[in-house]
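Undergrad: Please read through the structure below; I'll follow up with questions.
A short reminder: the numbers here are calculations on the coordinates, not readings from a lab. Since we're looking at a predicted model, the values are computed, not measured. When we count neighbours, we look across all protein chains shown, and the Cβ atoms used for this are built from the backbone with ideal geometry, even at glycine.
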Amino acid sequence: MFLETMLLTFKVALITTIILFSIGIPIAFWLSTTKSKLKPIFETIVSMPLVLPPSVIGFYLLVFLGPSSLTGGFFEEYFNTRLVLSYEGIIVGSVIFSFPFMVHPIQSGLQSLQKSLVEASYTLGKSKFQTLFYVQLPNIRASLLTGIVLTFAHTVGEFGVVLMIGGNIPGETRLASLAIYDEVEALNYDLANQYALTLFAICFAILLIVYIINRKFSGVLK
């Protein structure tokens, strides 16, 4: 049970990170370059998961993705996929709740780049797409790594949204954060400590590696 729960937890975190990395780059790029008057609104929407209680996000996901909703009914009818109390549901919830942890570091990295690098690329005839992937992203590797790690670690530790949208189904939606709560309620502190200590050790190791790598990147840039 312990191994199954931990593997499911890291699988959800990995898939969430991959999805957010794929969609986070274009969104961060747009936010870092747009001059639209609506930019503050979009930035607010991206940042909302940072300040909203997880239970609020979870509640509205239940309403929006439930079988009686248009979205939930559509997926259940045409894809035979239930988005509430399911593995797919916690992926959707995790992507939404961890969204700013990927977008913000990448956006900050892109905005901190010298404009001369981008202008030089355009002068050489490179498109925005080519400039982004061959000039800008390679120069913000530290920001990309930070976004990846923060997203992964935040997803691993998420509790409220996962509980609201996924429930607590062993082997399907029962992640480590939920398992700790269950074991504490059952006064099974040894197993709760095993879950907690494993998460603590892994997250500490990941963050330590990030800081070491970022320090090396900083040394190279200097």
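Undergrad: Take the eigenvalues of the Cα gyration tensor for region 25-98, scale each by 5, and report the square roots as semi-axes in whole Å, largest first.
TA: 28, 15, 11
Undergrad: Moving on. Kirkwood Rh and Cα-based Rg: tell me the resulting Rg over Rh for region 1-146, rounded to two decimals.
TA: We get a ratio of 1.06 for region 1-146.
Undergrad: Please build a GNM for the chain, connecting alpha carbons under 10 Å apart, and tell me which residue among THR33, THR16, THR155 fluctuates the most.
TA: THR33
Undergrad: Return the Cα extents of region 22-66 along principal axes one, two and three, sorted largest first, each rounded to a whole Å.
TA: Taking max minus min along each principal axis of the Cα atoms, region 22-66 gives 35, 22, 16 Å.
Undergrad: Comparing GLY109, GLY73, GLY167, which has the greatest mean-square fluctuation in the GNM of the chain with Cα pairs linked when under 10 Å apart?
TA: GLY73
Undergrad: Which of LYS37/LYS216; LYS115/LYS216; LYS35/LYS126 have a Cα-Cα distance over 28 Å?
TA: Beyond 28 Å between Cα atoms: LYS37/LYS216.
Undergrad: Right, another one. For the residues GLU119, GLU43, what sequence is obtained by ranking on other C-beta atoms within 10 Å, fewest first?
TA: The fewest-first ordering by Cβ neighbours comes to GLU119, GLU43.
Undergrad: What percent do you get for the relative contact order of region 10-146 when only Cα pairs under 8 Å and 6+ apart count?
TA: 29 percent
Undergrad: How large is the convex hull of the C-alpha atoms of region 65-172 per residue, in Å³?
TA: 139 Å³
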